[in-house]
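Every number in this text was worked out from the coordinates using simple rules, so none of it is lab data. Small disclaimer: the values here were computed from a predicted structure and weren't measured. Every residue, glycine as well, gets a Cβ built from its backbone with ideal geometry; the counts of neighbours run over all protein chains shown.
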Amino acid sequence: MSRTTLINQGKLVFENIKNLDQATLLKDPNNLQPWNGLDFEDFVVSYQDMIDLLDAIYENEILENAPFNLINGLNSQLNAAHQHLSAFIANRAQGQFQNAFQHVENVRTNIQQWGFRYEAVLGRDIEKRSKLIDEEIAKLLSNKDEIESLKRNVSSLIEPAVAGSLSKSFSDRKDALNEKQSRWFWVSVIMAAISIIATGFIVWSIVGIFNSEEVLKALEANKNNVDGIVWTTIGLRVGLLFPIYSIFAFSFIQYKKERDLEEEYAHKAAVATSLPNYGSLAVEDNVKDQILSEASKVIFTSPSSRKQATEKEEKIGINQLNSLLSTIQRMIPRAKD
């Protein structure tokens, strides 16, 4: 008898076990005592586990290279299990329950002892897979130094690239602000000149009013309410200066704002350019992290946010100075070494 025929015989018995009346077999008759401390629910769990294991064994052809004695022993136990499970379905008594449970456990025990459980779970090519995994791990370990070197090289390339990109972005923004600053500067100069000329003209016209003899006589006599007309005229002429001075003030404020922003972005560009060098100034990780953290605050903080926090920073400026001095003191011994 060939091994294949023997395996097919056991597989046929297994199919007969699966074709049993499952509804009756797995229904608790509620009149059974535990077997070796195991109740009916444990029987159901054991039976389902046996079915799953045998499914995997036959599906993955685990028995193809198994010894004759193991295949023959498994077939005998399957026949016994099928016989007693059928008897338990026909007679729901305590004795049949114990016999069926015992033979189910025998099948499960021998499957585990013979090693079929692990092969069923992991597959027939477990040794091949294990060998491939070992080979890949060996390759990774052998290339560890090369990987570490590559990481250092990539890090050294990325840091200057990022710093250069940040610096260029800040420089471009500074140049754009410089153009706007120049425009507001000339607007301020022109409006200042217009304001001076308009002020002189208004003052001259008001002086001319009071130098007119007719107006002075009318004011003295207060004819036809001339007094109110004169002062109204003076008020209107002075009022003409308000929009002129407003435009001058607005343009000068914008010029100052653009100039401050330009200086801020110039400072950010300078810090971003030297950012890769900060890490090399300190060997200790905590000092390095603190330096990079402070540099990042300068780079990634909005200029408007920095202005809003100016008063608060001035209040805690002494503490920041002490922290900076402590950082420098920790760096000096490292630099000497």
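In order along the stretch 19-35, the Karplus-derived 3J(HN,Hα) couplings, from 6.51 cos²θ - 1.76 cosθ + 1.60 at θ = phi - 60°, round to 8, 5, 5, 5, 4, 7, 4, 9, 9, 6, x, 6, 9, 10, 8, x, 10 Hz, and Gly and Pro are given as x. Coupling constants for the stretch 72-86 follow from the phi torsions by the Karplus curve (6.51 cos²θ - 1.76 cosθ + 1.60, θ = phi - 60°), and in residue order they are 5, x, 5, 4, 4, 5, 5, 4, 5, 5, 4, 4, 6, 5, 5 Hz; glycine and proline get x.
Here the gap between residue 72 and residue 134, fully extended at 0.36 nm per residue and compared with their Cα-Cα distance, gives a gain of 18.8 nm. For residue 23 and residue 94, what does the FRET efficiency come to when R0 = 25 Å and r is the distance between their Cβ atoms, rounded to the nearest 0.05? About 0.75, to the nearest 0.05.
Taking the convex hull of the Cα atoms, report for the stretch 3-139 its projected area averaged over all directions, in nm².
Numbers: hull surface 37.9 nm².
With the hull built on Cα positions only, its mean projection is 9.5 nm².
Spatially, the stretch 49-125 and the stretch 16-37 are offset by 16 Å when compared through their Cα centroids.
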